[in-house]
Structure formats: structure tokens, C-alpha cells
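For reference, the structure discussed in these notes is given below.
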Amino acid sequence: MLSSFFFYSPVPAARSRYRFALLISAAFFIFASVPASALANENDPKKMLREGDKLMRQGKVVDAENLYRQALSVSPESTVAKLKIAYSLIKQRRLVEAYELSLGVAQADRRNARAYALAGTSLLSLGQFSEARSVLTEAIRLDNNESLAWYSIGLLDYYENRIEESLANLREAVFHDPRDTDAMFSLAQVAARSEKYKEAADAYRRFLQISRNTDDERRERIQGLIDFLEYLGSRTAIYTTSGPEHSALNFTLIGNRPVLEVRINEGEEPLRFVLDTGSGITVISDETAERLKIKPVARGGKAKGLGGDGRFEIVYGFLRSVEIGEMRVRNVPVYIRKFHNPTLRFDGYIGLSLISKFLTTVDYGKLEFALTRKDSELAKAIPLENAVPLRLTSSGFLSGEVQLEGVEAPLNFIVDTGASVSVISDEIASVESVSPGLRDERMRVIGSAGITEDVPSYMLPKLSFADHTRSDVMAIALDLDIINEASGFTQAGILGGNFLRNFRMTFDFKNSRVAFAPVKEAQ
């Protein structure tokens with residue numbers, strides 16, 4: 001089965017889905033000239049490849065690709081050159097090109113584990129998960145020391161919420177290649193996700209030691225994260241829960257977003273928090289933090305987000321407790337940041353980590369939010385048989401497959417209760433079947449990093465998530481590169497409140513799935 005996989009090129013869904021990306025690549029692909037001083041010997045492909053490797057380690061990926069291509073022009077049958085080019089293309093997210101190039105090598109040499117690893121990594125980044133697992137498994141069967149295959153299959157396990165398997169495979173990748181910065185960074189991310197804070201801090205520290213092309217701003221950001229992880233590691237337990245088997249409370253729907261009343265640090269004051277499944281961590285406004293005397297415990301660098309200039313200062317805080325209804329969660333890490341909406345005053349955003357230990361139901365029809373303990377008798381009565389699988393991105397978002405009318409293959413969309421309106425990427429907006437839906441109305445977008453004016457909006461004739469379809473769904477078009485840089489696999493949009501408000505949703509975070517049921521129009 002694995003060998004026959006490599007005889008079709010590429011997966012039809014992948015080709016259809018990313019045809020527009022290929023057109024863009026073709027339009028902008030330029031073979032930049034490499035200075036003569038960068039070439040060790042124009043007639044020696046081995047020296048060219050070595051020079052290209054040096055450039056890769058320095059983060060000069062485009063220059064490295066050009067050297068690899070010059071080496072290939074001198075030695076057209078060099079599989080080493082072809083695979084190095086494919087790896088450089090993956091780094092540039094030119095994923096279909098990378099897949100097709102590594103596919104050609106694998107077809108010619110069925111024993112080439114590196115070709116399988118590169119093809120599987122390309123498929124993974126394209127969101128072709130089942131195909132990626134088959135190919136990556138074959139790469140490891142061919143060569144148990146192929147670190148890229150271990151790294152990519154570790155990422156795949158993480159995306160499918162198999163955290164312990166992910167950790168084991170990423171540790172294996174780092175064992176085989178201790179200087180692989182990608183594997184080291186991902187190991188740190190997954191260790192933090194599994195609440196192994198000391199291991200995460202150590203892995204981030206090692207990443208800083210071995211990475212040569214990390215800019216000062218990113219180093220500052222990672223050092224701040226290390227400080228925060230060490231702070232968390234000094235605590236006895238994080239996200240400990242207490243309360244009844246089930247707790248429900250009403251919410252207010254403001255701008256298509258559920259707003260709940262919560263209490264923090266045993267306080268009596270009710271605070272307004274938006275339920276935000278588009279955030280991995282809970283966020284509190286700097287004004288509320290100052291009023292309640294919540295001090296920063298670590299800080300460093302700037303995070304990337306939508307809106308404004310795309311960046312905001314990273315400040316970490318720590319709450320003794322958060323009460324939602326009758327449920328209490330103790331020892332809660334938070335971001336502290338400025339909120340940019342002067343008219344809608346919220347105190348914070350409830351992130352996934354705060355509610356991930358429960359079955360979480362959001363009923364837009366009844367305007368009711370409920371938390372149910374997973375091991376309770378009540379949890380067994382919650383219908384989850386027809387739940388839709390979700391995937392976890394590297395940055396902690398929940399992603400599901402969406403079908404747009406006129407687009408043949410499914411697309412990955414983040415499920416985001418904290419977004420008022422749905423979003424499509426600029427690339428999707430330019431697709432022939434979507435672009436006619438451009439509306440005259442331009443929108444103002446308020447994101448985590450600031451405000452963006454004059455954003456184009458589109459009317460999507462039909463949008464489906466699993467078996468549930470809505471017609472005439474409005475969406476804005478944004479550059480999602482900031483999200484995709486950190487997501488691990490390509491996200492084509494965001495399912496926002498204008499779509500989600502038509503359903504009752506129950507999130508089963510442990511098993512990475514969500515159950516949808518249509519409701520009557522929310523009041």
C-alpha cells in the first residue's frame with residue numbers, strides 16, 4: 001500500500017486545493033543571482049551543496065536553494081541535490097513543489113528514506129494527515145535514524161492530540177539529530193502543552209544555544225517564555241479543578257461572541273470574559289490586571305497577532321483561581337495585554353487551557369454555557385456519537401475541515417468563538433469561485449495586535465462544517481500568514497460567531513472533537 005501511494009502525483013485534493021498557491025509561486029519565483037564569492041567552485045556540485053548547507057544553517061534559505069539548483073544543473077541526476085532543494089522549499093512553504101520533487105526521487109529509488117520523509121512532511125504541512133502518516137511510517141521503516149520523519153510524525157501526533165506519543169517521537173528526533181532546531185523547538189512546545197514545564201524550559205534553552213539565525217526579538221521572546229515556564233515549574237500544580245459534576249450558566253451574546261461572568265482570585269466582583277476557543281491561553285486586560293493588583297511574573301519580546309502592526313508585548317501573569325459558575329480552576333497562567341476596543345469593554349478572554357479538562361457545551365439557542373466533568377455520569381449522557389474531529393495546531397488553536405461551495409477539496413478553518421465574523425485567507429478570496437462574492441462594504445477589524453481598517457468582505461454562497469451547512473455566510477479576507485507561520489499546517493480561514501451562533505456545540509478536548517446540533521435562531 002505504501003509503495004503504491006507514490007504512483008499518483010500529487011494527492012488530487014492537494015493539487016486542487018493549492019492550485020492558486022502554485023500560480024502565486026510561479027508568478028513570484030525568481031532565481032536570485034548568488035554572488036560569485038558565495039560559490040566555492042562553479043563546477044564542483046559537492047562544494048556547492050556544502051555551501052548551500054551553510055546558508056541553510058544561517059537561515060538564508062532562498063540563497064541556499066539557488067546554490068542547490070546550480071549544483072543540480074551541473075549534476076542533473078543528483079538525488080542529494082534534489083532532496084536538499086525539496087527541504088528548502090518546505091522551509092519556504094512551497095509545499096506542492098517540495099512534495100512533487102521528493103515524490104520523483106521516491107519513485108526512482110524506493111529505498112530512499114529521506115525522500116519519503118520529505119514527501120511525508122510536505123503532505124503533513126498541506127493538511128493531508130492520513131497520507132502523511134503512511135509515508136512517514138515508511139520512511140522510519142526504511143531508516144530508523146531518519147530524524148525528519150520522527151520529527152514530522154511527532155508533529156502529526158500532536159495535531160491529533162496524542163500528546164504523549166508526540167513527546168516520545170520528538171524526543172526520538174532530537175536523539176537522532178541533537179542540532180535540529182525545528183525538532184528542539186517543537187519538543188519544547190509539546191512539553192509545555194503536557195505541563196512538563198522544566199523539560200520545556202530546558203528544550204527552549206537548548207534551542208537558543210543551537211540556533212544561529214534567531215533574531216534578537218525572537219530570542220527575547222523565547223527567554224521570556226523560559227522565565228515563565230520556570231515560574232510555572234516551581235508551582236505544585238496547574239489548572240487544578242474543584243466543584244460539582246456539572247455547572248451551567250447563562251451568557252450574553254455580544255457581537256456574536258459569548259460573554260460570561262467569572263470571578264478571579266476569590267473576588268466578589270463579576271468580570272466579563274469572552275469565551276475564546278481561538279486562544280490557547282486565557283488573557284486578561286492590562287487595565288483589569290492593574291485594578292485587581294495582578295502583577296506580571298515574566299515578560300519578554302512581542303507576540304504576533306492579527307490587527308494593527310501584527311505585534312503586541314508579551315506579559316505573563318498568574319491567577320490563584322478562576323470561578324465559572326460553580327466550577328473553580330486554580331493556578332491559571334494568563335497573558336496580560338492591552339485591549340483595543342474602546343466601545344466594548346471586556347475584562348478578559350477564556351482560553352482553551354482553562355476549560356480543556358471538561359466537556360464544554362456552548363448553546364447559542366439557550367444562551368447557555370456548561371462545564372461537565374469528563375468522568376461523571378452526566379458526561380456519559382451527552383451525545384457525542386456524531387462528533388466532528390478537530391486538530392490541534394502548533395500554536396494551540398482548534399482546527400476543523402470546512403467545505404466551501406466551488407472549492408473542490410476541504411479546507412482547514414480554526415474554530416473560534418472569540419471571533420465575531422468568519423474569515424477567509426487572501427489566497428482563498430482570490431479563488432475564481434469565491435472572488436465574485438466581494439461586497440461593497442469594507443470592515444474595521446480589531447485583533448490582538450491592534451486595529452486594521454478597510455478590510456474587504458465577501459459573501460460565501462455556502463459553507464459546510466461536517467454535515468451542517470449555512471448559506472450566505474459573510475466573511476472578511478485577511479492575510480493569515482502570521483497564523484500559518486506558527487500553526488504547523490495551512491489554515492485557510494476562521495469559523496467565527498456569525499456561523500457558530502446557529503448551533504449548540506459540545507467540545508470534547510481530550511478526544512479532539514466537537515459535536516454540533518442546529519438550534520433555533522439565538523434570541
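The values are calculated or read from the model by the stated rules, or taken from the named source; none is laboratory data. On a predicted model such as this, the values are computed, not experimentally measured, just so you know. Every residue, glycine as well, gets a Cβ built from its backbone with ideal geometry; the counts of neighbours run over all protein chains shown.
Just wondering, is there one or more residues in the stretch 242-256 that are surrounded by fewer than 20 Cβ atoms within 10 Å (Cβ to Cβ) and over 28 Å from GLY418 (Cα atoms)?
no
Identify the residue in the stretch 172-208 that is closer than 20 Å to ALA149 by Cβ and hydroxyl-bearing (Ser, Thr, Tyr) and, among all such residues, is surrounded by the fewest Cβ atoms within 10 Å (Cβ to Cβ).
So the residue we want is THR181.
In the stretch 229-239, is there at least one residue being more than 29 Å from PHE507 (Cβ to Cβ), out of contact with any Leu (no Cβ under 6 Å at 6 or more places or on another chain) and exposed (fewer than 15 other Cβ atoms within 10 Å of the Cβ)?
First, the residues of the stretch 229-239 that are more than 29 Å from PHE507 (Cβ to Cβ): 230, 234.
From the residues that got through so far, the ones that are out of contact with any Leu (no Cβ under 6 Å at 6 or more places or on another chain) too are 230, 234.
Applying the additional criterion that residues be exposed (fewer than 15 other Cβ atoms within 10 Å of the Cβ) yields 234.
Yes, because at least one residue in the stretch 229-239 is more than 29 Å from PHE507 (Cβ to Cβ), out of contact with any Leu (no Cβ under 6 Å at 6 or more places or on another chain) and exposed (fewer than 15 other Cβ atoms within 10 Å of the Cβ).
Of the numbered conditions (1) crowded, with 16+ Cβ neighbours inside 10 Å; (2) without any contact (Cβ under 8 Å) to a residue 40 or more places away in the chain; (3) not in a strand (DSSP E or B), GLY267 satisfies every one except a single condition; which is it?
(1)
Which numbered condition trips up ARG114, out of (1) closer than 19 Å to GLY52 by Cβ; (2) within 25 Å of the chain's Cα centre (by Cα)?
With (1) closer than 19 Å to GLY52 by Cβ; (2) within 25 Å of the chain's Cα centre (by Cα) applied to ARG114, the lone miss is (2).
Take the stretch 469-523 and flag every residue that is closer than 19 Å to LEU126 by Cα, touching a residue at least 60 places away in the same chain (Cβ under 8 Å) and touching a helix residue (DSSP H, G or I) at 6+ places or on another chain (Cβ under 8 Å).
Of everything in the stretch 469-523, those that are closer than 19 Å to LEU126 by Cα, touching a residue at least 60 places away in the same chain (Cβ under 8 Å) and touching a helix residue (DSSP H, G or I) at 6+ places or on another chain (Cβ under 8 Å) turn out to be GLY488, PHE489, THR490, GLN491, ALA492, GLY493.
ASN341 fails exactly one of the following numbered conditions: (1) in contact with a strand residue (DSSP E or B) (Cβ under 8 Å, 6 or more places away or on another chain); (2) within 18 Å of GLY278 (Cβ to Cβ); (3) modelled with pLDDT of 90 or more. What is the number of that condition?
It is condition (3) that ASN341 fails.
Would you confirm whether or not the stretch 127-150 contains a residue that is buried (at least 18 other Cβ atoms within 10 Å of the Cβ), closer than 22 Å to GLN189 by Cβ, of a type in the set (S, T, N, Q) and touching a strand residue (DSSP E or B) at 6+ places or on another chain (Cβ under 6 Å)?
no
Could you tell me how many of the residues in the stretch 423-441 are loosely packed, with under 15 Cβ neighbours inside 10 Å and touching a Ser or Thr at 6+ places or on another chain (Cβ under 7 Å)?
The total comes to 2.
Do any helices (runs of 4 or more DSSP H) lying entirely in the stretch 1-112 carry at least 3 residues that are within 24 Å of VAL135 (Cβ to Cβ) and at pLDDT 50 or above, and which ones are they?
Working: elements: 2-5, 12-17, 19-28, 45-57, 61-74, 79-91, 95-108.
Those helices (runs of 4 or more DSSP H) span 61-74, 79-91, 95-108.
Given the criterion within 24 Å of ARG212 (Cα to Cα), in contact (Cβ under 8 Å) with a residue 40 or more places away in the chain and out of contact with any strand residue (DSSP E or B) (no Cβ under 9 Å at 6 or more places or on another chain), identify the matching residue among ARG110, ARG50, ARG93.
ARG93
Among residues belonging to the stretch 270-291 that are acidic (Asp, Glu) and not in a loop (DSSP other than H, G, I, E, B), point out the one that is nearest to the chain's Cα centre (by Cα).
Restricting to residues being acidic (Asp, Glu) and not in a loop (DSSP other than H, G, I, E, B), the top hit is ASP286.
Does any residue in the stretch 372-388 that is not assigned by TED's automatic domain parsing to the domain that holds GLU401 come within less than 6 Å, Cβ to Cβ, of a residue that is part of a helix (DSSP H, G or I) six or more places away or on a different chain, and which pairs are these?
THR372/LEU378; THR372/ALA379
Report yes if SER321 is over 24 Å from TYR364 (Cβ atoms), in a strand (DSSP E or B), among the small types (Gly, Ala, Ser) and touching a residue at least 12 places away in the same chain (Cβ under 8 Å), otherwise no.
The answer is yes for SER321.
Hey, which of the strands (runs of 3 or more DSSP E) in the stretch 455-520, taking only ones fully inside, have at least 1 residues that are surrounded by fewer than 16 Cβ atoms within 10 Å (Cβ to Cβ)? Please lay out each step first, then the result.
Working: elements: 468-478, 493-495, 503-508, 513-518.
Passing ranges, in order: 468-478, 513-518.
Just checking, how many residues over the stretch 61-74 are touching a Lys or Arg at 6+ places or on another chain (Cβ under 9 Å) and surrounded by fewer than 19 Cβ atoms within 10 Å (Cβ to Cβ)?
1
Somewhere in the stretch 163-180, is a residue under 22 Å from ARG513 (Cα atoms) and of a type in the set (A, V, I, L, M)?
Taking every residue of the stretch 163-180 in turn, at least one turns out to be under 22 Å from ARG513 (Cα atoms) and of a type in the set (A, V, I, L, M).
If we keep just the residues of the stretch 231-249 that are in a strand (DSSP E or B) and out of contact with any Asp or Glu (no Cβ under 6 Å at 6 or more places or on another chain), which is nearest to LEU367 (Cα to Cα)?
Result: LEU249.
With respect to ILE294, is the statement that it is assigned to a loop (DSSP other than H, G, I, E, B) and more than 18 Å from SER356 (Cβ to Cβ) true?
It is true that ILE294 is assigned to a loop (DSSP other than H, G, I, E, B) and more than 18 Å from SER356 (Cβ to Cβ).
Go through the stretch 386-409 and report how many residues are outside any strand (DSSP E or B) and either β-branched (Val, Ile, Thr) or closer than 18 Å to GLU160 by Cα (or both).
Here is the first cut: in the stretch 386-409, the ones outside any strand (DSSP E or B) are 386-387, 390, 393-397, 405-409.
Now restrict to residues that are either β-branched (Val, Ile, Thr) or closer than 18 Å to GLU160 by Cα (or both): 386-387, 390, 393-397, 407.
Residues meeting the conditions: 9.
Can you tell me which residue in the stretch 151-163 is farthest from the chain's Cα centre (by Cα), limited to those that are surrounded by 24 or more Cβ atoms within 10 Å (Cβ to Cβ) and among the aliphatic types (A, V, I, L, M)?
Going through the stretch 151-163, the residues surrounded by 24 or more Cβ atoms within 10 Å (Cβ to Cβ) turn out to be 151-156, 158.
From the residues that got through so far, the ones that are among the aliphatic types (A, V, I, L, M) too are 153, 155-156.
Details: ILE153: 16, LEU155: 11, LEU156: 12 Å.
For the stretch 151-163, the residue satisfying everything is ILE153.
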